[in-house]
Amino acid sequence: MTILTIDKKCWEEGLDRARSAYTLVGPAPEAEALGFRELCATEYPVMDGSQTRLSPKSVVFPPSQVMMSCPLKEGDAKQNIYESVEIGTSPRAVVGIRPNDAKAIALLQLNFDTDEYKDPYVMAAFEACTFIGLAVSTPSATDFSISCGTGPFDESALDILLIDDNDRYLTTVITDKGAAWAAAAGFCTEAEDGAEGLIQAKKEAAESAITTTIAFNRIKEKTVLDLYNADHWEKTTFACLNCGACTYACPTCWCFDIQDEVHDGTSYRIRHWDSCMSSLFTLHGSGHNPRETSTQRIRQRFMHKLKYFQDKYDHGIMCVGCGRCIEQCPAGIDIRNICDTMNREGIRG
Amino acid sequence: MQNPYLPYPVRIDAIDVATEDKSLKTFRFSFLDSEDEKKFNYKSGQFAELSIPGVGEIPIGIASSPTEKGFLTFTVFKTGKVTSYLHEMKSGDIMGIRGPLGNWYPWETLAGKNVLIVGGGFAFTTLRSSIKMMLAPENRSKFGAIDVVYGARSPGMLLYKEELTAWEKRDDINMHITVDATEDSTWAYHTGFVPALTETAAPAASDDTYAIVCGPPVMIKFTLPVLEKLGYRHDHIIMSLENRMKCGIGMCGRCNIGTELVCKDGPVFTLADINLTPSEF
């Protein structure tokens, strides 16, 4: 593994150099908040370490995405025959992503890249990305990423990890993809001997700043029905408004809807983010709804993240400890408390 | 890489009104490209997404049998946006079909076994596919006794009446047809509900006898205790579930019952499987 040093004075110049081969994507102002989006030729990623309001999952899984289209006009030879839109595969440099957000994008692949079916839109976008992460030097009070199996310096889902060191970035080049981007940017100055030790010290400092943890070891051992039928759900989730803020902010929530829209005689089949907090999410054509109440819906969210996902993939929980749902929940629901309750209690009666 | 969201183009070849109240129609489709038909290799119990550009998609059980070549049939109840639109479409119209999707009745396990089919209302579609497949000359010897209990509200609400009549006349299948009630004095079959008829008509439970149950929730609710009373084990009771679906390929996240996705891991489950999951269907 190579460690480079990038002088911040040369940073934007390098990004510009790499733009000839990569579309630049990163944290940037979006309305009144910090978003994660494609940057235009005069924009650079915000590298102050702030967490984006919505997660960067939109890089591979946009909130709305046209999947296919077809003409509806009578007499057109292609009338009513859907064809896929072109799926973009040109390289994208995802710069400034948090390590645990990149980990979340890797977890999304468990859903979209399966033995039986492959989602060509998500997979193509994922493969086109080079993930250039920025280590989290100052974790927030709601960061519990380490206990979710990731952390502020987690390299597992990144191609490059940048570590802020005053007037420079120490740069760990993790994969060949990462090396290719660094070369395209012209970043090639190797760091001094001892840089590895410096990174290690910064990593330990960041990790020790995280004081909040969750445990889910016992959730795995309990049955689905014991956890599902436990007594606490009404009490622990009564305040939930089913607003869905948690599901939209979450880097690992992958549920979606598919809708047809018609514009100027052309039909578009569009995928939109959806939320298990909505009653329409599960409403049958007959009017029957298997998750009719607010409590049933939020129970589904936590059971999915903390139990079903564990059982199905044996890959930990479907959470990277970013804390967005805790910060943005208008009702003060805290996944750490729910997880703790499920881990501790969860047995009926 | 095949795009699993992209429907195969099909043409509506025939539309038959299936019930007297016209709430159900049977649509017969052929593929525009014969290569697509070869790719659409299905088994009885599977479903597909019927896809109408500009309107949407709906998951519907496949009513034709894999032994019937050259077409697919689906019997569709008019209830929402897509099904209402479909009911107004005409022969010759082009639309799409995506599938086959989901698992199937466990034909590998059912080989050499007696099969009891219990169906009600318009959930009889994949059961019709199953019966047609089992009765095909090349398949009939692969199964033991076949018993069918099928009920509808009234004689006019029974699906596939011509086939029911033909099956009645065969000696290699025992048909037990019932309607909830009728004023038709020429009605020659049973009256009463499916669970009650199941109690008297079902073959004795054994290691070699399986029940496939598919029908409205109220029928299932009262039929399961009957089968239990008759001694059917939970892993010998096979059911097909429905839930709201969009993708049909296990990705969109809405149809789960616990860890199981009805669209991909199902729709067919044994009662023993279902007992381990939250009843969110």
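We did not get these values from a lab; they are worked out from the coordinates using the rules stated. As the structure is a computational prediction, the values presented were derived from the model and not from experiment. Heads up, the Cβs are rebuilt from the backbone with ideal geometry, glycines too, and the neighbour counts pull from every protein chain shown.
Observations on the structure shown:
- Anisotropy class of region B:8-100 from Cα gyration tensor, a/c 1.5 cut: prolate
- At 1.567 mPa s and 4 °C, Stokes diffusion of region B:107-240 via Kirkwood alpha-carbon radius, µm² per second: 87
- A simple rule links phi to the HN-Hα coupling: the Karplus curve 6.51 cos²θ - 1.76 cosθ + 1.60 with θ = phi - 60°, which for region B:113-130 gives 9, 7, 10, 9, 10, 10, x, x, x, 8, 7, 7, 5, 6, 6, 4, 4, 5 Hz, with x for Gly and Pro.
- Residue-averaged beta-carbon neighbours from other chains (10 angstrom radius) around A:248-260: 3
- Taking the number of Cβ atoms within 10 Å of each Cβ as an exposure proxy, the fewest-first ranking of A:ARG98, A:ARG291 is A:ARG291, A:ARG98.
- Aspartates and glutamates whose Cα lies under 17 Å from that of A:LYS235, excluding same-chain neighbours fewer than 8 positions away: A:ASP226, A:ASP334, A:ASP340, A:GLU345
- Region A:124-206 shape via C-alpha gyration tensor axes, a/c threshold 1.5: oblate
- Filter on B:LYS43/B:LYS69; B:LYS22/B:LYS132; B:LYS142/B:LYS229 - keep pairs with C-alpha separation over 22 Å: B:LYS22/B:LYS132; B:LYS142/B:LYS229
- Cross-link table A:LYS103/A:LYS305; B:LYS161/B:LYS264; A:LYS103/A:LYS312, entries beyond 23 Å C-alpha to C-alpha: B:LYS161/B:LYS264
- For B:ILE257, the residues whose modelled amide H falls within less than 5 Å of its own, excluding neighbours fewer than 5 places apart on the same chain, are B:VAL262.
- Cα-based radius of gyration of region A:1-140 once divided by 2.2 N^0.38 Å, which approximates compact folds: 1.26
- For region A:183-188, backbone phi angles converted through the Karplus equation (6.51, -1.76, 1.60; θ = phi - 60°) give residue-by-residue couplings of 5, 5, 7, x, 8, 9 Hz, Gly and Pro being listed as x.
- Gaussian network model of chain B, springs between alpha carbon atoms under 10 Å - residue of B:PRO53, B:PRO66, B:PRO203 with greatest fluctuation: B:PRO53
- Built amide H within the under 5 Å cut-off of A:ILE210, gap 5+: none
- For region A:1-72, averaging the sequence separation of C-alpha pairs within contact (under 8 Å, six or more residues apart) and dividing by the residue count gives a relative contact order of 22 percent.
- When +1 charges are put on Lys and Arg Cβ atoms and -1 charges on Asp and Glu Cβ atoms, the dipole computed for region B:8-100 relative to its Cα centre reaches about 100 debye.
- Pairs beyond 27 Å (Cα-Cα), from A:LYS78/B:LYS90; B:LYS25/B:LYS113; A:LYS8/A:LYS203: B:LYS25/B:LYS113
- When only Cα pairs below 8 angstrom with a gap of at least 6 residues are kept, region B:151-225 shows a relative contact order of 25 percent.
- When only alpha carbons are used to place a centre, region A:4-49 and region B:204-281 end up 52 Å from one another.
- Remark: mean inter-chain Cβ contacts per residue of A:283-296 equal 4, using a 10 Å Cβ-Cβ cutoff to other protein chain atoms.
- Sorted peptide list for A:198-207, A:116-125, A:308-317, criterion being average Cβ within 10 angstrom, highest first: A:116-125, A:308-317, A:198-207
- Antiparallel bridges, percent of DSSP beta bridges restricted to chain A (to nearest 5): 75
- Shape class of chain A from the Cα gyration tensor (axes a ≥ b ≥ c, square roots of the eigenvalues): oblate, since a/c reaches 1.5 or more and a/b does not exceed b/c.
- Fraction of beta bridges assigned by DSSP in the protein assembly as shown that are antiparallel (%, nearest 5): 65
- Only Cα pairs under 8 Å and 6+ residues apart enter the sum, and on that basis the relative contact order of region B:8-100 stands at 38 percent.
- In order along region A:268-273, phi translates into HN-Hα couplings of 10, 9, 10, 9, 10, 4 Hz, rounded to whole numbers, per the Karplus curve 6.51 cos²θ - 1.76 cosθ + 1.60 with θ = phi - 60° and x for Gly and Pro.
- Averaged over the residues of peptide B:252-265, the number of Cβ atoms from other protein chains lying within 10 Å of each residue's Cβ is 6.
- Neighbour counting of Cβ atoms within 10 Å sorts the residues B:LYS169, B:LYS113, fewest neighbours leading, into B:LYS169, B:LYS113.
- Pairwise alpha-carbon distances in the protein assembly as shown exceed 37 Å for 45% of all pairs.
- Between the amide H of A:CYS129 and those of A:ARG92, distances stay under 5 Å, these residues lying 5 or more places away or on another chain, with hydrogens modeled in the peptide plane.
- Each of A:TYR44, B:TYR210 was scored by other Cβ atoms within 10 Å of its Cβ. Listed from fewest to most, they are A:TYR44, B:TYR210.
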